[in-house]
Amino acid sequence: MKPKILTVDDERDICKALEFLLKREDYAVSSVNSGEDAIKKIQQESFDVVITDLKMGRVDGMTVLEKAKELSPDTAVIIMTAFASIESAVDAMKRGAVDYIVKPFLNEEIRLTIRKILEQKKLLIENIALKHQVSQRIEACMDFVANSESMLKITETIEKIVPTKSNIIILGESGTGKGLIAELIHCNSPRRDRPFISINCSAIPEGLLESELFGYKKGAFTGAVSDKLGLIPLAHQGTLFLDEIGDMPPNLQAKLLKVLETGEVYPLGDTKPRIVDVRIISATNVDIENRLKNGRFREDLYWRLNVIEIKIPPLRERKDDIEMLATHFMNTYTEEHKKDIKGIDKQALSLLIEYPWPGNVRELRNVIERSVVLTGGNYITPKDLPDKIKNTGTEKEPSGASSSLKTYLGDYEKNLLMKIYNAHNKDKEETAKALGIDLATLYRKFKKYGIETE
């Protein structure tokens with residue numbers, strides 16, 4: 001596809017000369033003779049480059065520049081000016097013009113300037129495409145979006161570990177995408193055609209968790225009317241994802257360690273082991289090292305699980321990912337809900353980037369889906385966002401300004417939890433849903449900050 005160029009000058013001969021020159025370079029060239037017509041043209045079509053005269057009639061080149069950057073931020077704008085107006089041209093560059101050309105211009109100067117700009121645009125597009133796909137070597141089998149340096153480093157680690165069978169532990173706050181990383185590792189590994197079995201260790205009562213993991217024989221306990229295969233044997237030759245491993249009861253930690261050491265599983269009520277070959281990926285949002293120190297988690301099991309450690313930073317520490325994630329979720333839910341939404345406006349995006357996201361990516365997904373459903377226009381605007389995000393930056397700073405970022409964020413999170421909790425009449429399920437976190441995480445945060453619940 002030929003690069004598209006728009007020339008704008010109230011002198012028709014100038015436009016004709018530029019059109020003749022640029023078409024010989026095999027560009028697709030359009031010309032208009034006023035600022036008004038230029039703006040209309042930019043509204044109707046996308047251009048790679050706009051070359052506009054500075055001094056024109058009622059709508060000058062500066063206005064064309066500003067409207068072009070507003071309507072199509074990726075369009076490069078070149079200002080043409082007489083020698084006496086160079087100061088204005090420099091001012092235009094400060095406002096977003098990529099270059100300026102002094103009249104009368106040399107043909108070679110035009111050629112070189114355009115060529116340089118298009119090469120830079122090509123490199124930029126290739127870089128963005130590379131970041132979107134995260135890695136040319138990772139064949140993602142699901143949605144995975146990353147742009148920040150910290151997440152791109154994680155994908156480099158993933159590239160190295162997917163061919164192996166080493167056990168992995170993933171650390172990070174609730175909602176950061178630990179489960180997604182686990183699936184990404186599995187579906188790019190040699191085990192991709194085998195089962196991926198996931199279980200949340202904190203969501204199932206202790207007695208039930210044991211039978212779920214190891215299985216049981218008929219008659220092993222009251223209600224065991226038939227044999228049941230456990231999740232560990234089900235994951236044979238595949239991957240077992242143990243979410244919230246830090247909450248696993250001590251007696252089950254010992255049994256899991258035995259499986260890792262021997263490769264054998266004993267179902268409840270059975271004396272005959274089942275041989276298993278399982279890669280274990282575990283995850284936790286708690287301070288696992290603190291649990292090691294106070295004896296709540298076995299050190300020998302920890303080192304069996306933690307052959308490779310991946311730490312996912314919270315979303316507030318990787319703001320470079322927010323725009324890309326928000327756009328990705330917007331596109332997903334626009335299609336799902338059959339809406340005609342074209343983007344997120346700059347003010348709404350600024351609010352999304354500024355908000356601290358206590359619920360991380362899960363909360364962002366929740367907010368974008370809500371906005372897609374509620375908006376009545378073609379763009380998500382601040383009025384489509386929840387009040388907690390619209391009020392970002394207007395909250396009163398906690399008394400006695402914190403001496404550290406960690407303390408400040410803790411104060412902010414506590415105030416936010418209390419505000420949302422009270423706003424939902426102290427309904428815990430509704431509060432968790434509004435924050436984009438699960439109920440177990442909400443209880444942990446209440447306990448952490450000493451928030452009394454009814």
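Bear in mind that the values in this text are calculations on the coordinates, not laboratory data. For clarity, every value in this text was computed on a predicted model and none was experimentally measured. Every residue, glycine as well, gets a Cβ built from its backbone with ideal geometry; the counts of neighbours run over all protein chains shown.
When a/c is below 1.5 the answer is rounded, else prolate if a/b is larger than b/c, else oblate, so apply that to the range 1-69 with a ≥ b ≥ c taken from the square roots of the Cα gyration tensor eigenvalues. Write down the numbers at each step before the final one.
Working: a/c = 2.30, a/b = 1.31, b/c = 1.76.
Oblate is the answer for the range 1-69, as a/c is 1.5 or above yet b/c matches or exceeds a/b.
Got a sec? Charge dipole of the chain, +1 on Cβ for Lys and Arg, -1 for Asp and Glu; which of 146, 213, 422 is way out at the positive end?
213
Could you work out the local net charge near residue 195, counting Lys and Arg as +1, Asp and Glu as -1, over the other residues with Cβ closer than 14 Å to its Cβ?
Details: positive: 191, 192, 194, 279; negative: 183, 193, 277.
Neighbourhood net charge equals +1.
Of 160/272; 293/414; 103/346, which pairs sit farther than 29 Å apart, going by alpha carbon to alpha carbon? Write out the running numbers ahead of the final one.
Numbers: 160/272 37 Å; 293/414 27 Å; 103/346 35 Å.
Exceeds cut-off: 160/272; 103/346.
Tell me which residues come under 5 Å, amide H to amide H, from residue 282 once H is placed; ignore anything under 5 positions away on its chain.
168, 169, 170, 242
What's the center-to-center distance, using Cα atoms, between the range 1-74 and the range 270-291 in Å?
Centre-to-centre distance over Cα atoms comes out at 63 Å.
List, in order, the whole-Hz ³J(HN,Hα) value for each residue of the range 428-445 obtained from phi through the Karplus relation with A = 6.51, B = -1.76, C = 1.60 and θ = phi - 60°; use x for Gly and Pro.
5, 5, 5, 5, 4, 5, 5, 7, x, 10, 7, 5, 4, 5, 4, 4, 5, 5
Show the residues, 5+ positions off or on another chain, whose built amide H is closer than 5 Å to the amide H of residue 343.
380
Assign one of three labels to the range 4-131, namely rounded, prolate or oblate, based on the Cα gyration tensor with a ≥ b ≥ c the square roots of its eigenvalues; rounded applies when a/c is under 1.5, prolate when it is not and a/b is larger than b/c, and oblate otherwise.
rounded
Using each residue's phi in the range 320-325, evaluate 6.51 cos²θ - 1.76 cosθ + 1.60 at θ = phi - 60° and report the 3J(HN,Hα) Karplus result to the nearest Hz, with x for Gly and Pro.
Each residue of the range 320-325 in turn: 5, 8, 5, 4, 5, 5 Hz.
Quick one: helix 360-374 against the long Cα principal axis of the chain, what's the angle to the nearest 10°, folded into 0 to 90?
That works out to roughly 60 degrees.
Using the alpha-carbon atoms, what tilt in degrees (0 to 90, nearest 10) does helix 35-44 show relative to the longest principal axis of the chain?
Tilt relative to the chain: about 30 degrees.
Here are a few candidate values for Rg/Rh (Cα atoms, Kirkwood Rh): [x] 0.96; [y] 1.16; [z] 1.10. Which one was actually calculated from the structure I just gave you?
Only one listed value fits the structure, namely [z].
With the cut-off at 1.5 for a/c, could you classify the range 219-352 from its C-alpha gyration tensor as rounded, prolate or oblate? Intermediate results must be reported in sequence, preceding the final value.
Working: a/c = 3.14, a/b = 1.88, b/c = 1.67.
Prolate shape, in that a/c is at least 1.5 and a/b is the bigger ratio.
So for the chain, taking the charge dipole from beta-carbon charges (+1 Lys/Arg, -1 Asp/Glu), which of 175, 105, 386 sits furthest toward the positive end?
Ranked along the dipole, the leading option is 175.
Arrange the following residues from fewest to most other Cβ atoms within 10 Å of their Cβ: 93, 330.
Working: 93 15, 330 22.
Exposure proxy ranking, most exposed first: 93, 330.
For the chain, what proportion of DSSP beta bridges, expressed in % and rounded to the nearest 5, is antiparallel? Don't skip to the end; give the middle numbers.
Working: 4 of 43 bridges.
So the antiparallel bridges in the chain amount to around 10 percent.
Enumerate the calculated ³J(HN,Hα) couplings along the range 259-269 in order (Karplus 6.51 cos²θ - 1.76 cosθ + 1.60, θ = phi - 60°), each rounded to whole Hz, writing x wherever the residue is Gly or Pro.
4, 5, 6, 10, x, 10, 10, 9, x, 4, x
Relative to the longest principal axis of the chain, what angle (0 to 90°, nearest 10) does the C-alpha long axis of helix 178-187 take?
Result, in degrees: 90.
What's the magnitude of the charge dipole for the chain around its Cα centre, counting Lys and Arg as +1 and Asp and Glu as -1 at the beta-carbon? Answer in Debye, nearest 20. Don't skip to the answer; put the middle values down first.
On the way: 67 positive and 70 negative charges, 188 e Å.
My answer is approximately 900 debye.
How high is the relative contact order of the chain, given as a whole-number percent (alpha carbon pairs under 8 Å, six or more residues apart)?
Working: 673 pairs, mean separation 49.1, N = 454.
It comes to 11 percent, rounded to a whole number.
Trypsin sites (Lys or Arg not before Pro) within the range 1-84: which are DSSP loop residues with at most 14 other Cβ atoms inside 10 Å? Before the final figure, lay out each step's value.
On the way: sites: 4, 12, 16, 23, 24, 40, 41, 55, 58, 67, 69; in loops: 55, 58.
Here the sparse-neighbourhood loop sites are 58.
Taking amide H atoms as placed 1.01 Å from N in the peptide plane, list the residues 5 or more away in sequence, or in a different chain, whose amide H sits under 5 Å from that of residue 50.
6, 76, 77, 78
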